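Quick notes on the structure that follows.
Just so it is clear, none of the values below were taken in a lab; they were calculated from the coordinates. Predicted model only: the values in this text are computed from it and were never measured. As a convention, Cβ positions derive from the backbone with ideal geometry for all residues, glycine included, and neighbour counts pool all protein chains shown.
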Amino acid sequence: MSLPVTPIILTYNEELNLPRALESLFWAERVIVLDSGSTDETEAIAKSFPNVDWHVRPFDNHLSQWNYGICGTGIASNFVLALDADMSVSQQFFEEMSLAIREQKYQGGITPFEYRILGRALAGSLYPAQLRLFKADRVRIHQYGHTQEFSTSGPIYRFKTPLIMDDRKSLERWVASQLSYSSLEANRINRRRAMRWQDWIRVLGLMPLIWGVLGYFRAGGPFTGAAAARYAYERAAYECLLALRLMSARLQKGD
């Protein structure tokens, strides 16, 4: 079942997510877990899997962390599968990835995501498809806002099967992350850097309502029950934090 693919997972206090991610990567000869100094059971969990290669690097930003993971850990395989700790690989995704790689004509793969709330799959989400499979020597990494963006040249495969996302960290940890992410995104938008159409709506202060309503119906609305409502509140809460930061910056400038 071996494939020329090395999964990389970035971690920091991911004891609630990491077991599911690593259990789904049993097929990989080597899985790189790049940690930022976890203080929970993340290290013990990672080292309990025989295919894990454990690395630690103090976190400064996602760009530098991913650069180190891809270029500084001795990867010998053709491809890298870049994962967050709350992502897992289904058997169907593995089989589709195997077929795509054996065609030997792709430089990477863009994958959609199946978003789950505490194990319950949503009908959809606002999370965009991303390049997550790529050749290590061909990838380019950028960070304009709170996280990295991967790109590569040449033919790109588009997966039909999604990666699974199911973040089970505590609400307190989630809120702390959103505070940090919204600060980085506000800095990017205030500099008018890599602006998207959504950012112009954020500048107007309209995104919390729009994204909350759209997220609710994209997730399945009343047919998905509390999971869709929870997802909508998460999206609206993040957008509210970002809107507050943008409005504060405008007020400080005297706008």
Item to complete: Take region 212-255, compute every pairwise Cα distance, and split them into 5 Å bins from 0; I just need the percent in each bin.
Response: 5, 26, 20, 12, 11, 9, 8, 5, 2, 0
Worksheet item: Comparing Leu16, Leu204, Leu34, which has the greatest mean-square fluctuation in the GNM of the chain with Cα pairs linked when under 10 Å apart?
Response: Leu204
Worksheet item: For region 171-253, what is the convex hull (Cα atoms) projected area averaged across all directions, in square nanometres?
Response: 5.6 nm²
Worksheet entry | Estimated inter-spin distance, Ser36 and Arg102, nm [label 7 Å along Cα→Cβ] | 3.9 nm
Worksheet item: If you add up the charges near Leu126, with Lys and Arg at +1 and Asp and Glu at -1, over every other residue whose beta carbon is less than 9 angstrom from its beta carbon, what do you get?
Response: +2
Practice prompt. Just need the relative contact order of region 5-165 here, percent rounded to a whole number, with Cα pairs under 8 Å and 6+ apart.
Written response: 25 percent
Worksheet item: If each of Glu29 and Ser90 carries a label point 7 Å out from its Cα toward its Cβ, how far apart are those two points in nm?
Response: 2.8 nm
Worksheet item: In the Gaussian network model of the chain, springs joining C-alpha atoms below 10 Å, which of Pro162, Pro222, Pro19 carries the largest mean-square fluctuation?
Response: Pro222
Discussion item. Principal axis extents for region 165-207, Cα atoms only, whole Å, descending order, please.
Written reply: 32, 19, 17
Discussion item. Just to compare against my own numbers: the Cα pair-distance distribution for region 1-93, 10 Å bins, whole % per bin, please.
Written reply: 17, 55, 26, 1
Item to complete: Please order Cys240, Cys71 by the number of other Cβ within 10 Å, starting at the fewest.
Response: Cys71, Cys240
Worksheet item: Given the options Gly215, Gly109, Gly154, which has the most mean-square fluctuation in a GNM of the chain, springs set between C-alpha atoms less than 10 angstrom apart?
Response: Gly154
Item to complete: Distance between Cα centroids, region 193-233 to region 95-147: provide it in whole Å.
Response: 21 Å
Discussion item. Using a 7 Å offset from Cα along Cα-Cβ at Arg140, what residues in region 53-77 end up with backbone N under 17 Å from the label point?
Written reply: 63-64, 67
Discussion item. I want to make sure I understand the PRE zone here: with the label point 7 angstrom from the Cα of Tyr127 toward its beta carbon, which residues in region 157-171 have backbone N atoms less than 17 Å away?
Written reply: 159-171
Worksheet item: In debye to the nearest 20, how big a dipole does the chain give about its Cα centre with +1 on each Lys and Arg Cβ and -1 on each Asp and Glu Cβ?
Response: 1020 debye
Discussion item. Limiting things to C-alpha atoms, what are the Rg and the maximum Cα-Cα separation (Dmax) for region 79-143, in angstroms?
Written reply: 13.1, 37
Worksheet entry | Cα-based reach from Lys169 at 19 Å (exclusive), listing aspartates and glutamates while leaving out same-chain residues under 8 positions away | Glu14, Glu15, Glu23, Asp35, Asp40, Glu41, Glu43, Asp84, Asp86, Glu114, Glu234
Worksheet item: From the Cα gyration tensor of region 5-165, with a ≥ b ≥ c the square roots of its eigenvalues, which class applies: rounded if a/c is under 1.5, or else prolate if a/b is larger than b/c, or else oblate?
Response: rounded
